[in-house]
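A short write-up of the structure that comes next.
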Amino acid sequence: MLGGVGSGVARPDFRNGRREFTLEGFTDETLMRRVAEAGDGRALSKLYDRYGGIVYGAGLRYLGDRTLAEDLVQDVFLSVWRNAASYDPSRAGFSTWVYRIARNRITDLARRRTRRVQVVAPAADEEKIPGKGDGVEEVLRSFDVVGVLSELSPAHREVLVLAYFEGLSQREISNHAGIPLGTVKSRTTAALRAARESLLTVQRTGKPREGTPKHGGTRDE
């Protein structure tokens, strides 16, 4: 949804042959429940669509290697698949949980590469591992933003993605989506308000708001 994974990453096929149906608008936590309780591969694929690019970007930033960043994405989502039953939404939102998995895996990959380098010659500096002061909060915020967007209604999520990730003006959004300019403006205002409330909740508690999205129906608010 917010940019693809690196071009070299083979998108895993988690589907299990079930009848196709849309999962658009489902919260991360609802998708994880489907993965844990029913082994729903399409739900995991939707989570991959939402977070794969962010995981790849974090890997590229800290590891400085496209191949390792691609390996990171595969490892993280295999871990999500295998450990879905251990995820507890009452303790942390999915964005926080998957970030922690990614951070631990980045640390492992960085240390492993450092050891390989030191076998040949002592490294001048250790590999950069995520920690305080190196932008880790910015990366975590990126995970939180994706999680917040996933909780908005499709109508509200659409205007924010088009405005802030594709750079369209409100008039361009109106033309692109085929909705009146006044509707674009009202949806943007309502979407920003809902997103801000959700993001503040995540930052304050580390958890998403309870239940399914309460803001942003299809009404022209």
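Taken together, the values in this text are just the output of simple stated rules run on the coordinates, not laboratory data. Predicted, not measured: the structure shown is a model, and the values here were computed from it. A quick note on method: Cβ atoms are made from the backbone with ideal geometry, for glycine too, and the neighbour counts reach across all protein chains shown.
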**Prompt:** For the pair ARG196 and ALA36, what calculated FRET efficiency results from E = 1/(1 + (r/R0)^6), where r is the Cβ-Cβ distance and R0 = 25 Å, to the nearest 0.05?
**Reply:** 0.25
**Item:** Nitroxide proxy distance, nm - points 7 Å out along Cα→Cβ at ARG66 and ILE179
**Value:** 3.7 nm
**Fill in**
The ³J(HN,Hα) series, computed from each phi in segment 63-75 with the Karplus coefficients 6.51, -1.76 and 1.60 at θ = phi - 60°, rounded to the nearest Hz and given as x for glycine or proline, is 9, x, 8, 5, 5, 5, 5, 5, 4, 4, 4, 4, 5
**Residue-wise HN-Hα coupling along segment 48-62, computed from phi with Karplus coefficients 6.51, -1.76, 1.60 (Hz; x: Gly, Pro)** = 4, 4, 6, 10, x, x, 5, 4, 4, x, 5, x, 5, 5, 8
**Packing-based ranking, highest mean first, of 87-100, 171-184 given that Cβ atoms within 10 Å are counted** = 87-100, 171-184
